[in-house]
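Q: Quick one: the structure is below, and I'll ask about it shortly.
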Amino acid sequence: MQLFNLALGLLLLMTLGGGIWRALRGPSAADRMLSVQVFGTAAVAVLLLLAQAFGQAALRDVALAFALLAAVTAVAFVRRAWAEEVDCDPE
Amino acid sequence: MILSDYVAAVLLLVGVFFFLAGTVGLVRFPDVYTRLHALTKSDNVGLGFVVMGLAVEAESWFVVGKLLLIWMLVLLAGASVAHLIARGATQRGVRMWTD
Amino acid sequence: MSSVPLFALVGAGLFCIGLYALIVYAHLLRKILAINVMGSGVFLVLATLADRTVNAAPDPVPHAMIITGIVVAVATTAFALVLMLKVAEKTGRAELPDERTG
Amino acid sequence: MDRLTLVLWIFDSVTGLGLLLLAGWALASPQLFRGIILFVAFSLMMSIAWVRIDAPDVALAEIAIGAGLTGALLLAALSRLGDSEPTQESMNRPIERSYRARTFRSLTASLLAAVAVALVFLILALPGDSEGLGAEVAASLDASGVSSPVTAVLLNFRGYDTLLELLVLLLALLGVWSLGGLPAQPVSPAVLVLDTLARILIPVLLLSSAYLLWAGTHAPGGAFQAGAVLGAAGVLLSLAGWQVRQRYTGVTLRLLLIAGPSLFLAFALYTIVAGQSLLEYPPQRAGVMIVLLEVAATLSIGTTLAALFVAEGPRNKEGQ
Amino acid sequence: MEALAATVSWDACLIVLPLLGAIACFAWPNAAKKLALGTALAVLVSIASLTIRVTAAGAFRHAVGAWGAPLGIELLVDGLSLVMLSATAIVGLAITIYSAGYFKADVSSRFWPLWLFLWASLNALFLSSDIFNLYVALELTGLAAVTLTALAGSADALTAAARYLLVSLLGSLTYLLGVALVYHGFGSVDMAVLAGRVESTPVFWAAFSLMFVGLALKTALFPFHFWLPPAHASAPAPVSAALSGLVIKASFYILMRLWFEIVPADYSTFTNFLGVLGAAAVVWGGLQALRAKRLKLLIAYSTIMQVGYLFLAFPLAVAAAWRGALYLILSHALAKSAMFLAAGNILYCAGHDRIESLDRIAQRLPMSLAAFAVAGVSIMGLPPSGGFIAKWLMVEAALKSGQWWWAVTLVLGSLFAAAYVFKVVGYAFTQAEAPHTSIDVPAAMEWAALALAVAAVLMGLIAPWILASMEIGRAFPGAAIP
């Protein structure tokens, strides 16, 4: 089961690549922000899987903090940075 | 492996599948609204299944409670942020993809 | 932990990447990001090596040092950002003039 | 077991590679906004790395401070930067392409590559079985008053560092205020969804902060993580457009800001006058005193971080 | 009361009291000036008591939290730290008195807490024997210095402060990377423990190089000096005095400590390289000072030159050279602060500091000009000043050890110094083409500058006593001169 959890964690880690691709590609600021959201959720899942695999309860606290703070960053984006961003890349 | 292990494994696999689907959507879908859709649905459902899978194996109710709390938080934040982003995008005149 | 201190090597890499960006880019916000990346690199070196002990438990002293370092980093970053905004307000550019001479 | 090692090795390699790539992309990004987003992703990845090197305390601090607050700070600063028009141009300006600039860049790059290679060799040459101070910490842990080794180091064994660190935080805020602070943000119209989100999230943040503080005595957590989560609550409040009442921004604010450092300093002064070593805890009361110091420190850290985010300068008459 | 005075750890007071003062100034901005003056006096009492104790009972270590190294942090009080602490106290007191008149009300309430933070962090730095604790102290010092620089508020000052902040952060991170390697190579961050463990391995030398580069950056050793002139020239005058007189010495002090305590053996290639950099700093700083159009910029370049002298002690490598370097730190701290304070008076009175338009400043501010000239005596190294003793020791060390070229550098530096000091004094007597109005300078500001300058000269007269205090608890490395 440990191996299984870790393998799934690895798989999720790889899917983060998709998020990064979207963050790089854009084109709009909203797209980039979305990708960070995906990143956050997937990372929460990875942390939970690691917590189970290694029996480290503390990692669930890390995941909790992750979930909370990701929301704060996203709100900061919506309320502050977005207003000023030029919404398209010169691609 | 006992039965609960199998149940957990299946739930986890389903969860990861949703994550994968969400990521594919994020990469392939044509505009911000469709991507938003792919992402929020699949991610939250994906995390939900992962949480369920882990809850089956959890050592105590406290852990189950914490797992559920984390999921609820992600749901709440994900839904609100998705709404705010979609709203913001509409207000900024990001056009919807039409074929 | 693995016998190769992989993350320490990554830390060294981050330090150098950050330093390169700090030197090459003119915009202050980029420089502030670069300093943060460098800091992460140093912390990684510190923590990875703390995990190379003979017994299983990692050394807690470097972890405490890193937490100290992270707090120092956020404090200086916050101040640096406001300073950058003030520079931009006064000079119209968030950049430092004639970087390479002086 | 073999396969487990392999999976872990791949996991670590992917994380490490991801870190390097994200850092590079974040710094080289032609657009600042994209750079910041990638930097936030980088910080998230960092916390996975912390978990992998057995540093859950650091992972918590990185999440709360590195990814969360630094990300919010950067985004807020970027939005204010956009206000001044000429900056907008220089912001997205590509880097210089002249011959001289290119030579300079490639020289720097090769020099740093050499430094990187040297560092790699050195790290590989370090002894693999360094003891560190783990044994000493374990031996004195019982006398420290707490059972979490990291908290014992932070608040007791190296509590003096922590005192100075609290002061760095306060000093940064003083610095921001002495620059005159930033103009107040225009009050954005209230959004129902955001308001609801804040109403639910803020109590959860406060509870989590208290939980992390409590957990810190025996498990990963402690004043800094708790303070950062508390600060995040303040940041969210400010983002949701809630105004703090005028009468709380004067003396009350200052008292909250100095609570942690002053309690620490009062303790230091007591030990000086009593002829003891600086910051020496009486062994039987160390636990209680550490908790008290941590509570005060959490309040101050949270308030300071939130004030650093708002960065508007004190609103009372004498501070300007 | 006497019993209390005997048990109180005055070294800890030097850290805790100014910190409490800083927080009190922050909490009660209206009373900040009085609180700061009170704190300065309290610090003075502490340093005097500490000096008495150390002179009587010798150097000692103070285990913070009673844990002791390697688990806890230790403070170290010996002759070296005592000299640095005293210099800080003397210059600090003068700056405090000066600033009470210099700053207008609105800036004043911001200045005091920052200044006391800087003072406390310098004291903490000079007392620490723990290389990680030194990192935290360095960050505190750097941040306080930058906030004070930015206090001037002009575009120049803000830009200079931003550059200074980045350099300062880069310096401390590089230093921290070195600390990380040292910790893992040798399992401790306490200097005394490290002294017993460190071997001359590649890991140690790499770590030391990193720490060295970080600290040299903060000390503004040539060619890392680029950030210093704009910062020191555009900061408010009392801040410039603190930056040039004290702050850059802080990182050099750490370097010196590391060199004395833990570096296993010295290597002449490395030390000669440092000597070359030092010599380059002397020449470059001297030339730029001569070319400078503004008085504060001239003084800032003179600082770069003086930093160059300090690095000449590495290749000379005999105890006398180190005595000279430390003496130079002391006398330069006093003289350079005096110069900046005098320049501040001129700026305050005339509203500008363009050297060629110093319209008969000798008549208007005779005391300040005298302060500048008297401080110049020490900077040039003329007898009987402290600067003279310092240079004498170093030149003697150079000649006796057969490295006459370093002696030439030192003499060349004195010639440069003489040239730029006389240039300023010359313009001060002449009438400028465009006369300007002048504002009266508060007497305390003039006296503070003059007192420091006179102290820098008188230091030469009590040389034996100071030289004896320097080596309490630790003899400087290197052979005695035959």
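Q: With charges only on Cβ, +1 for K and R and -1 for D and E, what is the dipole size of the protein assembly as shown about its Cα centre, in debye, rounded to 20? Don't jump to the answer; show the numbers that get you there.
A: On the way: 61 positive and 59 negative charges, 464 e Å.
Here the protein assembly as shown has a charge dipole of around 2220 debye.
Q: Next question. Taking each residue of E:68-80 in turn, how many C-beta atoms of other protein chains fall within 10 Å of its C-beta, and what is the average? It would help to have the intermediate numbers written out before the result.
A: Values: counts 1, 1, 4, 13, 11, 7, 2, 3, 0, 0, 0, 0, 0.
Averaged over the peptide's residues, the number is 3.
Q: Another question, then. Reported to two decimal places, what Rg/Rh ratio describes the range E:399-460 when computed on Cα atoms with Rh from the Kirkwood expression?
A: My calculation puts Rg/Rh at 1.17.
Q: Rg and Dmax of the range E:286-482 over Cα atoms: what are they, in angstrom?
A: Every Cα atom of the range E:286-482 included, Rg and Dmax give 17.7, 59 Å.
Q: Report the percentage of all Cα-Cα pairs in the range E:19-127 whose separation exceeds 25 Å, rounded to a whole percent.
A: Counting every Cα pair in the range E:19-127, those more than 25 Å apart make up 29 percent.
Q: Further question: Send over the per residue convex hull volume for the protein assembly as shown, Cα only, as a whole number of Å³.
A: Values: hull volume 176.1 nm³, N = 1094.
Looking at the protein assembly as shown, the number lands at 161 Å³ per residue.
Q: Among C:A12, C:A80, C:A57, determine the one that fluctuates most according to a GNM of chain C built with springs between C-alpha atoms less than 10 Å apart.
A: Highest fluctuation among the options: C:A57.
Q: Now, a different point. From the C-alpha gyration tensor of chain E, pull out the three semi-axes of the equivalent ellipsoid (sqrt of 5λ each), sorted largest to smallest, in whole Å.
A: Values: eigenvalues 219, 144, 86 Å².
Calculated on Cα positions only, the semi-axes equal 33, 27, 21 Å.
Q: Would you mind checking the pairs E:K33/E:K423; C:K90/E:K33; E:K249/E:K391; E:K336/E:K400; C:K86/E:K423; C:K90/E:K104 and listing those with alpha carbons more than 27 angstrom apart?
A: Beyond 27 Å between Cα atoms: E:K33/E:K423; C:K90/E:K33; E:K336/E:K400; C:K86/E:K423.
Q: Here is a follow-up. Would you kindly work out the equivalent ellipsoid of the range C:7-54 from its C-alpha gyration tensor and give its semi-axes, the square roots of five times the eigenvalues, largest first in whole Å? Don't jump to the answer; show the numbers that get you there.
A: Details: eigenvalues 130, 14, 4 Å².
Three semi-axes, in Å: 25, 8, 4.
Q: Hey, could you get me the Stokes-Einstein D for the range E:199-356, Kirkwood radius over alpha-carbon pairs, 25 °C and 0.890 mPa s, rounded to whole µm² s⁻¹?
A: It diffuses with D of about 152 µm²/s by this estimate.
Q: Something else about it: Quick one: Debye curve from the C-alpha atoms of the range D:113-226, no solvent, what's log10 I(q)/I(0) at q = 0.13, 0.14, 0.21, 0.24 Å⁻¹?
A: At q = 0.13, 0.14, 0.21, 0.24 Å⁻¹ the computed log10 ratios are -0.89, -0.94, -1.11, -1.19.
Q: Who wins for biggest fluctuation among D:T108, D:T303, D:T151 in a Gaussian network model of chain D, springs between alpha carbons below 10 Å?
A: D:T108
Q: What is the Rg over Rh value, at two decimals, for the range C:6-91, using alpha-carbon atoms and the Kirkwood definition of Rh?
A: We get a ratio of 1.11 for the range C:6-91.
Q: Where is the GNM fluctuation largest for chain A (alpha-carbon springs, 10 angstrom cutoff): A:V78, A:V38, A:V46?
A: Ranking A:V78, A:V38, A:V46 by mean-square fluctuation puts A:V78 first.
Q: Show me the three semi-axes of the equivalent ellipsoid for the range D:1-95, from the C-alpha gyration tensor (sqrt of 5 times each eigenvalue), largest first, rounded to whole Å.
A: 33, 16, 6
Q: In chain E, once you exclude exposed GluC sites (Glu not before Pro) (DSSP loop, at most 10 other Cβ within 10 angstrom), what's the longest stretch remaining?
A: That would be E:200-432.
Q: Projected onto the charge dipole of the protein assembly as shown (+1 at Lys/Arg Cβ, -1 at Asp/Glu Cβ, origin at the Cα centre), which of C:L33, A:V36, E:A448 gives the Cα projection farthest towards the positive end?
A: Result: E:A448.
Q: Neighbour counts of other C-beta atoms within 10 Å: give me A:T73, D:T217 arranged from fewest to most.
A: Numbers: A:T73 29, D:T217 19.
Least crowded to most crowded, the residues run D:T217, A:T73.
Q: Here is a further query. When the helix-only estimate is applied to chain E (DSSP H runs of n ≥ 4, each -39,500 (n - 2.57), divided by the residue count), what is the mean residue ellipticity at 222 nm, nearest 500 deg cm²/dmol?
A: Details: 21 runs with 363 residues, N = 482.
That comes out to -25500 deg cm²/dmol.
Q: What is the average number of partner chain Cβ atoms found within 10 Å of a Cβ in E:315-325?
A: Average neighbour count from other chains, rounded to a whole number: 0.
Q: Using a 10 Å cut-off on Cβ to Cβ distances, tally the other chain neighbours for every residue of E:196-206 and report the average as a whole number.
A: Across E:196-206, the average partner-chain Cβ count within 10 Å equals 2.
Q: Restricting to DSSP loop positions (anything but H, G, I, E, B) with no more than 16 other Cβ atoms inside 10 Å of their own Cβ, which trypsin sites (Lys or Arg not before Pro) remain in the range E:290-396?
A: E:K293, E:R360
Q: Then there's this: So if I take the centroid of the Cα atoms in the range E:443-482 and the same for the range D:207-222, what is the distance between those two points in Å?
A: So the two Cα centres are separated by 52 Å.
Q: Another question about this same structure. Taking 1 over the mean of 1/r across every pair of different Cα atoms in the range A:2-88, what Kirkwood radius in Å do you get?
A: 13.9
Q: Would you be so kind as to identify which of E:L290, E:T51, E:M84 lies farthest towards the positive end of the dipole of chain E, taking Lys and Arg as +1 and Asp and Glu as -1 on Cβ and the Cα centre as origin?
A: Selected residue: E:L290.
Q: Can I ask one more? Could you run the Karplus curve 6.51 cos²θ - 1.76 cosθ + 1.60 with θ = phi - 60° over the range D:296-306 and give me ³J(HN,Hα) per residue in whole Hz, x for Gly and Pro?
A: Result, rounded to whole Hz: 4, 5, 4, 4, 5, 4, x, 5, 5, 5, 5.
Q: Hey, could you pull the Cα Rg and Dmax for the range A:20-61, both in Å?
A: 13.7, 41
Q: Let me see the pair-distance distribution of the range E:8-58: every alpha carbon pair, 10 Å bin width, integer percents in order.
A: 28, 44, 20, 7, 0
Q: Over all alpha-carbon pairs of the range B:3-91, lay out the pair-distance distribution in 10 Å bins, whole %, shortest bin first.
A: Calculated P(r), rounded to whole percents: 19, 39, 28, 12, 2, 0.
Here, each number is a calculation from the coordinates, and none is a lab measurement. This is a predicted model, so every value here is computed, not measured. So basically every Cβ, Gly included, is an ideal-geometry build from the backbone, and we count neighbours across all protein chains shown.
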